[in-house]
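The values are calculated or read from the model by the stated rules, or taken from the named source; none is laboratory data. Computed from a predicted structure; not experimentally measured. Each accessible area value is taken on the protein alone, full model and side chains, heavy atoms only, with ligands, DNA and RNA left out. Shrake-Rupley method; radii C 1.70, N 1.55, O 1.52, S 1.80 Å.
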Amino acid sequence: MRDSRPVSGPRRSAEHGSLPDFCNLPMMFALLVIATLTATTMWLASDSRRDWNSYSIGILFATWLALVIGLVLCALRSLLQRLPGKMPYVGTWLVIMPIVAGASMVAHEFNDALQLQLVQSNLGIFVRDNVAVAALLGAGMLRYFYVLAQWQARLAAVTQAQVEALQARIRPHFLFNSMNTVAALIRIDPAAAERTVEDLSELFRAALGQHDTGDGTLGDELALVERYLAIEQLRLGARLHVRRELDDLPADFPLPRLLLQPLVENAVRHGVQPLREGGDVTLRGQRDGKGVRIEICNPLPVTPPEAGNGHGLDSVRQRVAYRYGPLAKVQAGPQGDRFVVLMQLPGPSS
(Lines give C-alpha, C1' and ligand atoms only; values in the text may rest on other atoms or scores of the structure.)
Protein backbone atom coordinates (compact mmCIF):
# COMPACT_ATOMS: atom_id res chain seq x y z
CA MET A 1 0.00 0.00 0.00
CA ARG A 2 1.32 3.42 -0.88
CA ASP A 3 2.17 5.71 2.04
CA SER A 4 -0.08 8.75 1.72
CA ARG A 5 1.40 10.73 4.58
CA PRO A 6 2.81 14.13 3.61
CA VAL A 7 6.55 14.44 3.21
CA SER A 8 8.03 16.42 6.06
CA GLY A 9 11.25 17.19 7.84
CA PRO A 10 14.63 16.68 6.23
CA ARG A 11 13.36 14.98 3.10
CA ARG A 12 11.23 17.96 2.20
CA SER A 13 14.06 20.39 2.90
CA ALA A 14 16.44 18.45 0.70
CA GLU A 15 14.01 18.30 -2.20
CA HIS A 16 13.25 22.01 -2.12
CA GLY A 17 16.84 23.21 -1.63
CA SER A 18 16.35 25.03 1.65
CA LEU A 19 17.95 28.47 1.54
CA PRO A 20 19.69 29.95 4.58
CA ASP A 21 17.73 32.50 6.56
CA PHE A 22 19.09 35.80 5.27
CA CYS A 23 16.94 37.68 7.81
CA ASN A 24 18.78 36.58 10.94
CA LEU A 25 21.62 38.60 12.44
CA PRO A 26 24.36 35.92 12.19
CA MET A 27 23.77 35.64 8.44
CA MET A 28 23.84 39.43 8.01
CA PHE A 29 27.06 39.56 10.02
CA ALA A 30 28.58 36.82 7.85
CA LEU A 31 27.74 38.78 4.69
CA LEU A 32 29.36 41.91 6.13
CA VAL A 33 32.50 39.98 7.08
CA ILE A 34 32.76 38.44 3.60
CA ALA A 35 32.31 41.87 2.01
CA THR A 36 34.99 43.40 4.22
CA LEU A 37 37.47 40.62 3.48
CA THR A 38 36.77 40.90 -0.25
CA ALA A 39 37.30 44.67 -0.28
CA THR A 40 40.51 44.28 1.72
CA THR A 41 41.85 41.60 -0.62
CA MET A 42 41.08 43.69 -3.71
CA TRP A 43 42.72 46.74 -2.13
CA LEU A 44 45.87 44.78 -1.29
CA ALA A 45 46.01 43.22 -4.76
CA SER A 46 45.59 46.54 -6.55
CA ASP A 47 48.55 47.97 -8.50
CA SER A 48 47.43 51.56 -7.85
CA ARG A 49 48.57 53.70 -4.96
CA ARG A 50 47.22 52.42 -1.67
CA ASP A 51 45.87 54.95 0.80
CA TRP A 52 43.51 54.77 3.75
CA ASN A 53 40.99 57.07 2.08
CA SER A 54 40.39 54.71 -0.84
CA TYR A 55 40.41 51.72 1.52
CA SER A 56 37.77 53.20 3.82
CA ILE A 57 35.57 54.16 0.85
CA GLY A 58 35.97 50.64 -0.56
CA ILE A 59 34.99 49.08 2.78
CA LEU A 60 31.99 51.41 3.02
CA PHE A 61 30.86 50.47 -0.49
CA ALA A 62 31.32 46.73 0.08
CA THR A 63 29.50 46.66 3.42
CA TRP A 64 26.68 48.84 2.10
CA LEU A 65 26.34 46.51 -0.90
CA ALA A 66 26.33 43.42 1.35
CA LEU A 67 23.63 44.98 3.52
CA VAL A 68 21.45 45.77 0.50
CA ILE A 69 21.91 42.24 -0.86
CA GLY A 70 21.03 40.75 2.52
CA LEU A 71 17.86 42.83 2.87
CA VAL A 72 16.70 42.03 -0.68
CA LEU A 73 17.32 38.30 -0.24
CA CYS A 74 15.53 38.43 3.10
CA ALA A 75 12.48 39.95 1.41
CA LEU A 76 12.56 37.51 -1.54
CA ARG A 77 13.45 34.33 0.36
CA SER A 78 9.89 32.99 0.56
CA LEU A 79 9.46 33.45 -3.21
CA LEU A 80 12.83 31.91 -4.07
CA GLN A 81 12.12 28.99 -1.75
CA ARG A 82 9.15 27.95 -3.90
CA LEU A 83 11.38 27.18 -6.89
CA PRO A 84 11.97 23.46 -7.57
CA GLY A 85 15.18 21.52 -6.97
CA LYS A 86 18.34 23.60 -6.89
CA MET A 87 16.67 26.61 -8.51
CA PRO A 88 16.39 28.59 -5.22
CA TYR A 89 20.19 28.89 -5.24
CA VAL A 90 20.31 29.75 -8.93
CA GLY A 91 17.59 32.35 -8.40
CA THR A 92 19.48 33.83 -5.47
CA TRP A 93 22.63 34.09 -7.58
CA LEU A 94 20.71 35.80 -10.39
CA VAL A 95 19.18 38.30 -7.93
CA ILE A 96 22.62 39.30 -6.67
CA MET A 97 23.96 40.20 -10.12
CA PRO A 98 21.65 43.18 -10.97
CA ILE A 99 22.02 44.51 -7.41
CA VAL A 100 25.80 44.61 -7.79
CA ALA A 101 25.55 46.13 -11.27
CA GLY A 102 23.14 48.85 -10.11
CA ALA A 103 25.15 49.65 -7.00
CA SER A 104 28.35 49.87 -9.06
CA MET A 105 26.71 52.35 -11.44
CA VAL A 106 25.57 54.50 -8.52
CA ALA A 107 29.03 54.40 -6.93
CA HIS A 108 30.70 55.37 -10.21
CA GLU A 109 28.31 58.29 -10.71
CA PHE A 110 29.02 59.53 -7.17
CA ASN A 111 32.75 59.27 -7.81
CA ASP A 112 32.43 61.38 -10.96
CA ALA A 113 29.98 63.89 -9.47
CA LEU A 114 32.08 64.52 -6.35
CA GLN A 115 35.38 64.25 -8.27
CA LEU A 116 36.77 61.80 -5.72
CA GLN A 117 39.01 60.12 -8.31
CA LEU A 118 38.81 56.84 -6.42
CA VAL A 119 37.70 54.90 -9.51
CA GLN A 120 40.17 55.20 -12.38
CA SER A 121 38.40 52.91 -14.88
CA ASN A 122 35.39 53.87 -16.96
CA LEU A 123 31.83 52.91 -16.04
CA GLY A 124 31.63 49.76 -18.17
CA ILE A 125 34.86 48.23 -16.89
CA PHE A 126 34.06 49.13 -13.26
CA VAL A 127 30.61 47.50 -13.44
CA ARG A 128 31.96 44.47 -15.33
CA ASP A 129 34.73 43.83 -12.80
CA ASN A 130 32.42 44.18 -9.79
CA VAL A 131 29.81 41.88 -11.33
CA ALA A 132 32.50 39.29 -12.16
CA VAL A 133 33.82 39.34 -8.58
CA ALA A 134 30.29 39.08 -7.20
CA ALA A 135 29.47 36.22 -9.58
CA LEU A 136 32.47 34.15 -8.50
CA LEU A 137 32.17 34.96 -4.82
CA GLY A 138 28.39 34.48 -4.82
CA ALA A 139 28.65 31.13 -6.59
CA GLY A 140 31.19 29.87 -4.07
CA MET A 141 29.20 31.13 -1.09
CA LEU A 142 25.90 29.68 -2.33
CA ARG A 143 27.61 26.38 -3.12
CA TYR A 144 28.80 26.25 0.48
CA PHE A 145 25.29 26.98 1.76
CA TYR A 146 23.87 24.26 -0.49
CA VAL A 147 26.36 21.63 0.68
CA LEU A 148 25.73 22.66 4.29
CA ALA A 149 21.95 22.31 3.82
CA GLN A 150 22.40 18.86 2.26
CA TRP A 151 24.65 17.77 5.13
CA GLN A 152 22.12 18.98 7.69
CA ALA A 153 19.32 17.17 5.86
CA ARG A 154 21.31 13.94 5.80
CA LEU A 155 22.15 14.30 9.48
CA ALA A 156 18.49 14.87 10.31
CA ALA A 157 17.58 11.78 8.27
CA VAL A 158 20.19 9.72 10.13
CA THR A 159 18.80 10.99 13.44
CA GLN A 160 15.27 10.01 12.43
CA ALA A 161 16.50 6.59 11.32
CA GLN A 162 18.20 6.11 14.68
CA VAL A 163 14.94 6.83 16.49
CA GLU A 164 13.16 4.29 14.30
CA ALA A 165 15.95 1.77 14.93
CA LEU A 166 15.61 2.28 18.68
CA GLN A 167 11.88 1.77 18.36
CA ALA A 168 12.38 -1.44 16.38
CA ARG A 169 14.90 -2.66 18.97
CA ILE A 170 12.63 -1.87 21.90
CA ARG A 171 9.68 -3.89 20.55
CA PRO A 172 11.03 -7.46 20.81
CA HIS A 173 12.93 -6.77 24.03
CA PHE A 174 9.87 -5.56 25.90
CA LEU A 175 7.52 -7.95 24.20
CA PHE A 176 9.41 -11.13 25.11
CA ASN A 177 10.47 -10.15 28.60
CA SER A 178 7.14 -8.61 29.56
CA MET A 179 5.06 -11.46 28.18
CA ASN A 180 7.19 -13.91 30.16
CA THR A 181 6.60 -11.81 33.27
CA VAL A 182 2.85 -11.70 32.62
CA ALA A 183 2.74 -15.46 32.06
CA ALA A 184 4.52 -16.07 35.36
CA LEU A 185 2.22 -13.71 37.27
CA ILE A 186 -1.15 -14.78 35.88
CA ARG A 187 -1.62 -17.64 38.36
CA ILE A 188 0.14 -16.25 41.41
CA ASP A 189 -0.78 -12.55 41.16
CA PRO A 190 -3.43 -11.73 38.54
CA ALA A 191 -3.61 -8.09 39.65
CA ALA A 192 0.13 -7.61 39.07
CA ALA A 193 -0.17 -9.31 35.69
CA GLU A 194 -2.94 -6.93 34.75
CA ARG A 195 -0.88 -3.90 35.85
CA THR A 196 2.04 -5.18 33.76
CA VAL A 197 -0.15 -5.43 30.67
CA GLU A 198 -1.43 -1.91 31.32
CA ASP A 199 2.11 -0.57 31.78
CA LEU A 200 3.23 -2.32 28.61
CA SER A 201 0.29 -0.88 26.70
CA GLU A 202 0.99 2.64 27.95
CA LEU A 203 4.68 2.27 27.22
CA PHE A 204 4.08 1.27 23.61
CA ARG A 205 1.49 3.99 23.18
CA ALA A 206 3.86 6.65 24.49
CA ALA A 207 7.04 5.47 22.75
CA LEU A 208 5.83 3.90 19.52
CA GLY A 209 2.33 5.11 18.92
CA GLN A 210 3.31 8.38 17.23
CA HIS A 211 5.09 9.09 13.96
CA ASP A 212 6.39 12.50 15.05
CA THR A 213 10.11 12.25 15.85
CA GLY A 214 10.42 15.87 16.95
CA ASP A 215 10.95 17.08 20.48
CA GLY A 216 8.86 15.88 23.37
CA THR A 217 9.35 17.05 26.94
CA LEU A 218 11.53 15.87 29.79
CA GLY A 219 8.38 15.03 31.75
CA ASP A 220 7.15 12.75 28.96
CA GLU A 221 10.51 11.00 28.73
CA LEU A 222 10.68 10.45 32.49
CA ALA A 223 7.17 8.98 32.39
CA LEU A 224 8.35 6.61 29.66
CA VAL A 225 11.33 5.63 31.81
CA GLU A 226 9.00 4.89 34.73
CA ARG A 227 6.90 2.59 32.53
CA TYR A 228 10.04 0.71 31.57
CA LEU A 229 11.27 0.46 35.17
CA ALA A 230 7.88 -0.76 36.39
CA ILE A 231 8.04 -3.70 34.00
CA GLU A 232 11.66 -4.48 34.81
CA GLN A 233 10.92 -4.23 38.54
CA LEU A 234 8.37 -7.02 38.24
CA ARG A 235 10.78 -9.13 36.19
CA LEU A 236 13.86 -8.64 38.39
CA GLY A 237 12.07 -8.18 41.71
CA ALA A 238 14.25 -7.35 44.70
CA ARG A 239 17.39 -7.49 42.54
CA LEU A 240 16.56 -4.08 41.08
CA HIS A 241 16.69 -0.96 43.25
CA VAL A 242 16.08 2.47 41.74
CA ARG A 243 17.04 5.73 43.42
CA ARG A 244 15.51 8.88 42.00
CA GLU A 245 16.71 12.42 42.59
CA LEU A 246 14.79 14.21 39.86
CA ASP A 247 12.56 16.72 41.64
CA ASP A 248 14.58 19.73 40.48
CA LEU A 249 14.18 18.95 36.77
CA PRO A 250 11.78 21.11 34.70
CA ALA A 251 9.09 18.85 33.24
CA ASP A 252 8.55 21.13 30.21
CA PHE A 253 12.21 21.10 29.09
CA PRO A 254 12.30 20.18 25.36
CA LEU A 255 13.88 16.77 24.82
CA PRO A 256 14.09 14.42 21.80
CA ARG A 257 11.96 11.33 22.20
CA LEU A 258 13.58 8.08 23.34
CA LEU A 259 16.71 9.87 24.57
CA LEU A 260 16.85 8.76 28.23
CA GLN A 261 15.08 5.41 27.96
CA PRO A 262 17.96 3.66 26.09
CA LEU A 263 20.42 4.85 28.75
CA VAL A 264 18.26 3.52 31.58
CA GLU A 265 17.77 0.28 29.64
CA ASN A 266 21.54 -0.10 29.33
CA ALA A 267 21.94 0.55 33.05
CA VAL A 268 19.47 -2.23 33.92
CA ARG A 269 20.46 -4.79 31.31
CA HIS A 270 24.24 -4.40 31.57
CA GLY A 271 24.65 -3.16 35.14
CA VAL A 272 22.00 -4.93 37.27
CA GLN A 273 20.78 -7.96 35.34
CA PRO A 274 24.19 -9.77 35.14
CA LEU A 275 24.66 -9.53 38.96
CA ARG A 276 23.19 -12.41 40.95
CA GLU A 277 22.56 -10.14 43.93
CA GLY A 278 21.29 -7.35 41.69
CA GLY A 279 22.11 -3.70 42.23
CA ASP A 280 20.81 -0.17 42.20
CA VAL A 281 20.32 2.31 39.38
CA THR A 282 20.53 5.98 40.33
CA LEU A 283 18.74 8.64 38.33
CA ARG A 284 19.89 12.11 39.32
CA GLY A 285 19.02 15.44 37.71
CA GLN A 286 19.13 19.14 38.38
CA ARG A 287 18.85 22.47 36.64
CA ASP A 288 22.02 23.90 35.15
CA GLY A 289 21.28 27.54 34.37
CA LYS A 290 18.70 27.41 31.59
CA GLY A 291 19.68 23.82 30.83
CA VAL A 292 19.66 20.53 32.70
CA ARG A 293 22.21 18.07 34.04
CA ILE A 294 21.19 14.39 34.16
CA GLU A 295 23.21 11.53 35.60
CA ILE A 296 22.52 7.78 35.33
CA CYS A 297 24.63 5.40 37.45
CA ASN A 298 24.71 1.61 37.64
CA PRO A 299 27.04 -1.04 39.05
CA LEU A 300 29.94 -2.28 36.95
CA PRO A 301 29.50 -6.02 36.27
CA VAL A 302 32.37 -8.33 37.13
CA THR A 303 32.38 -9.87 33.64
CA PRO A 304 32.67 -7.71 30.53
CA PRO A 305 29.32 -6.58 29.10
CA GLU A 306 27.90 -8.35 26.09
CA ALA A 307 28.55 -7.00 22.60
CA GLY A 308 26.39 -4.11 21.52
CA ASN A 309 26.34 -2.38 24.90
CA GLY A 310 27.45 0.92 23.36
CA HIS A 311 24.89 1.11 20.54
CA GLY A 312 22.31 3.09 22.50
CA LEU A 313 24.96 5.37 24.02
CA ASP A 314 26.50 6.17 20.62
CA SER A 315 23.09 6.95 19.21
CA VAL A 316 22.31 9.25 22.13
CA ARG A 317 25.63 11.08 21.66
CA GLN A 318 24.93 11.70 17.97
CA ARG A 319 21.36 12.83 18.56
CA VAL A 320 22.39 15.19 21.36
CA ALA A 321 25.13 16.70 19.20
CA TYR A 322 22.67 17.24 16.35
CA ARG A 323 19.88 18.67 18.50
CA TYR A 324 21.83 20.84 20.97
CA GLY A 325 25.15 21.58 19.26
CA PRO A 326 28.63 21.89 20.77
CA LEU A 327 27.39 23.26 24.12
CA ALA A 328 25.90 19.87 25.02
CA LYS A 329 27.98 17.07 26.54
CA VAL A 330 27.43 13.35 26.98
CA GLN A 331 30.16 11.69 29.06
CA ALA A 332 30.21 8.02 30.01
CA GLY A 333 32.70 5.78 31.76
CA PRO A 334 33.57 3.91 34.94
CA GLN A 335 34.01 5.81 38.17
CA GLY A 336 35.18 3.44 40.87
CA ASP A 337 32.84 0.47 40.94
CA ARG A 338 30.09 2.38 39.08
CA PHE A 339 29.39 3.17 35.44
CA VAL A 340 28.22 6.78 35.11
CA VAL A 341 26.54 8.52 32.17
CA LEU A 342 26.47 12.32 32.51
CA MET A 343 24.38 14.41 30.16
CA GLN A 344 24.49 18.23 30.13
CA LEU A 345 21.99 19.91 27.83
CA PRO A 346 21.79 23.68 27.24
CA GLY A 347 18.48 25.47 27.54
CA PRO A 348 16.54 26.79 24.54
CA SER A 349 17.97 30.01 23.13
CA SER A 350 15.82 33.07 23.67
Item to check | W93, W151, W52, W43, reordered so the largest accessible area comes first (probe 1.4 Å) | outcome: W52, W151, W93, W43
Next on the checklist: Heavy atoms only, 1.4 Å probe, whole protein assembly: order K329, K86 by accessible area, highest first.
Outcome noted: K86, K329
Next on the checklist: With a 1.4 Å probe and all protein chains kept in place, how much accessible area does T217 have, in Å² rounded to the nearest 10?
Outcome noted: 40
Item to check | Protein-only accessible surface order, largest first, of H241, H270 at 1.4 Å | outcome: H241, H270
Checklist entry - With every protein chain present, what is the per residue accessible area of the stretch 59-110 (1.4 Å probe, Å²)? => result 51
Next on the checklist: Can you list residues from other chains, or at least 5 along the same chain, whose modelled amide H is less than 5 Å from the amide H of G291?
Outcome noted: G347
